[in-house]
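Read through the structure below, which is laid out as structure tokens, and then see the notes.
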Amino acid sequence: MDMINENIRIVKKNIEMACERSGRTVSDVTLIAVSKTKPVSDIQEAYDAGTIDFGENKVQELTDKYPVLPKDIKWHLIGHLQTNKVKYIVDKVHLIHSVDSVKLASQIEKECEKKNIHMDILMEVNVAEEDTKFGLKYDETINVIKEISHFSHVHIKGLMTIAPFTENPEDNRIYFKKLKQLSDEISALQIENVKMKELSMGMTGDYEVAVEEGATLVRVGTGIFGNRNYAI
Ligand SMILES: *Cc1c(COP(=O)(O)O)cnc(C)c1O
């Protein structure tokens, strides 16, 4: 039984239908398979089914999995990143979704300069203003982006948000709309070295709504790999 394979097929079909409903092009949406807590064998299975974008939220886990998996995997760091861990991942990840301070961006800049590489990042915005979540406040985002835009090895490619946990995905539509609105606003400012190409929003419970509202990157874990067991 190829459960992972079948789940990916279903998620992709749902994304396709959400695109149809909202008049979007399906190739504008990338499915990121969130593999945190899951074994390398699960990732290999998803990879063999044609997935190359994977999301991890912990640096240690990512650097453990990285050397034993195919080199053409695009790793996405989607979890909170501490400045002292930046050096372990800048040469391994395709995109960092969770930058929420000038301090963190400047550390990424420093490590990239050392290694003579460039790093694409997204700014994490706490759109719902939940106390428990990381991310920039909506109103401070533009100023922080302006500061980070001056770095030469770090390139802002869009915005990311983690919407509240909810039973009803419709509850989160307002937050996805707000993030899209902020993205359009920033786009209009035409800040040098800042592109608003990506909107990383939507998880297992709400990715279809997120796609309807303009997501270009959806981060789906449970919907592909099944429930996570944090006890192990
Ligand atoms: C775990 C995680 C996801 C995936 O969550 P699911 O509900 O399992 O799809 C998405 N984004 C972030 C930032 C996560 O930490």
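Nothing in this text is a laboratory measurement; each read-out follows from the coordinates by a stated rule. Predicted, not measured: the structure shown is a model, and the values here were computed from it. Cβ: placed from backbone, ideal geometry, glycine included. Neighbour counts: every protein chain shown.
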**Item:** Placed amide H near Ala163: partners under 5 Å, 5+ positions off or other chain
**Value:** Gly202
**Pairs of lysines in region 1-87 (C-alpha under 21 Å apart; 8 or more residues apart or interchain)** = 23
**Asked** If the label point is 7 Å along Cα→Cβ of Arg228, which residues in region 159-173 have backbone nitrogen under 16 Å from it?
**Response** 161-166
**Message:** Along the Cα→Cβ direction, 7 angstrom out, place labels at Glu6 and Asp64. What is the inter-label distance in nm?
**Reply:** 2.9
**Asked** For the residue pair Val40 and Lys195, what label-to-label distance in nm results when each label sits 7 Å from Cα along the Cα-to-beta-carbon direction?
**Response** 3.3
**Message:** Can you work out the Karplus-derived ³J(HN,Hα) for every residue in region 145-161? Use 6.51 cos²θ - 1.76 cosθ + 1.60 with θ = phi - 60°, whole Hz, and x for glycine or proline.
**Reply:** 4, 4, 5, 5, 4, 7, 5, 9, 9, 10, 10, 6, 10, x, 10, 9, 9
**Item:** Amide N of region 69-95 lying under 15 Å from the label point, which is placed 7 angstrom from the Cα of Lys114 along Cα→Cβ
**Value:** 82-92
**Asked** Of Asn7, Val102, Asn116, which is farthest along the charge dipole of the chain in the positive direction, counting Lys and Arg as +1 and Asp and Glu as -1 at C-beta?
**Response** Asn116
**Prompt:** By how many nm would the segment from Lys103 to Lys74 grow when fully extended, if each residue of separation counts as 0.36 nm and the alpha-carbon distance is taken off?
**Reply:** 7.9 nm
**Request:** Give the share of C-alpha pairs in each 10 angstrom bin for region 3-224, from 0 to the last occupied bin, in whole percents, shortest bins first.
**Result:** 8, 35, 37, 18, 1
**Asked** By average Cβ neighbour count within 10 Å, what is the ranking of 131-142, 90-101, 4-15 from highest down?
**Response** 90-101, 4-15, 131-142
**Asked** From the residues Thr166, Val59, Tyr47, which one has its Cα farthest along the dipole of the chain in the positive direction, the dipole being from +1 and -1 charges on Cβ of Lys/Arg and Asp/Glu about the Cα centre?
**Response** Val59
